[in-house]
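To start, the structure itself, in structure tokens.
The values are calculated or read from the model by the stated rules, or taken from the named source; none is laboratory data. Keep in mind that this is a model prediction, so the values were computed, not measured. Note: ideal-geometry Cβ built from the backbone for every residue, glycine included; neighbour counts use all protein chains shown.
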Amino acid sequence: MKPTTSDQNKAVLERAERLPSLGEIGLDHFAPYLINRIAARWNTDLQETLKTFGLTTVQMRVLSVLSVMTGLTINELAVFAVTEQSTMSRTLDAMERDGLVQRQNRSGDLRVREVHLTDKGREAFREVWPAMHGSLKHMFDGFSDEEYETVIGLLSRVLRNIRRHDF
């Protein structure tokens, strides 16, 4: 006999009743909370340093991503730099005005615009990189190389599980 909607709803409720509460899990064991705290701390710590370079957090992310991958579209860059597409468009407008990036049509498809670092943008990233690297080293102070690789592997797996893009 096929279960009725009522039976299915009861089963869902029974399973829900067995779920631990957030209080039982605890914030110190709730991964999304910890990830958010870490990201917020990283961004807050870097903001003061970035101000001395005349950069915002999103601009720093754009410089970082484009220092590794060039020729991204605005949508791709928004995903990699972890910001909304509308924020990315405004950020790129300012960065292009400041001579840090250049947008150009993709060869073979004039409908697509790619974003590239300019020489000034590469230099800006070279200047801010030591502060970023220092913050990274501080974050993982006391970790062995093996522990660091384990953390990176686990976080990469989490990202693969939840991402919505092929990249």
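Would you call THR150 assigned to a helix (DSSP H, G or I), within 24 Å of LYS51 (Cα to Cα) and polar (S, T, N, Q)? So THR150 does not fit the description; no. The C-beta contact set for segment 93-108 (first residue surrounded by 13 or more Cβ atoms within 10 Å (Cβ to Cβ), second residue among the hydroxyl-bearing types (Ser, Thr, Tyr), distance under 7 angstrom, 6+ apart or interchain) comprises LEU100/THR118; VAL101/THR118; GLN102/THR118.
Test ARG126 against the criterion of being among the basic types (Lys, Arg), modelled with pLDDT of 95 or more and more than 29 Å from ILE35 (Cα to Cα), and give yes or no. Break it down stepwise before answering.
Numbers: among the basic types (Lys, Arg): yes; modelled with pLDDT of 95 or more: yes; more than 29 Å from ILE35 (Cα to Cα): no.
It is false that ARG126 is among the basic types (Lys, Arg), modelled with pLDDT of 95 or more and more than 29 Å from ILE35 (Cα to Cα).
Report whether or not ARG163 is touching a strand residue (DSSP E or B) at 6+ places or on another chain (Cβ under 9 Å) and loosely packed, with under 14 Cβ neighbours inside 10 Å. So ARG163 fails the test. Looking only at residues that are β-branched (Val, Ile, Thr) and in contact with a helix residue (DSSP H, G or I) (Cβ under 6 Å, 6 or more places away or on another chain) in segment 32-79, which one is surrounded by the most Cβ atoms within 10 Å (Cβ to Cβ)? Once the filter is applied, the top-ranked residue is VAL58.
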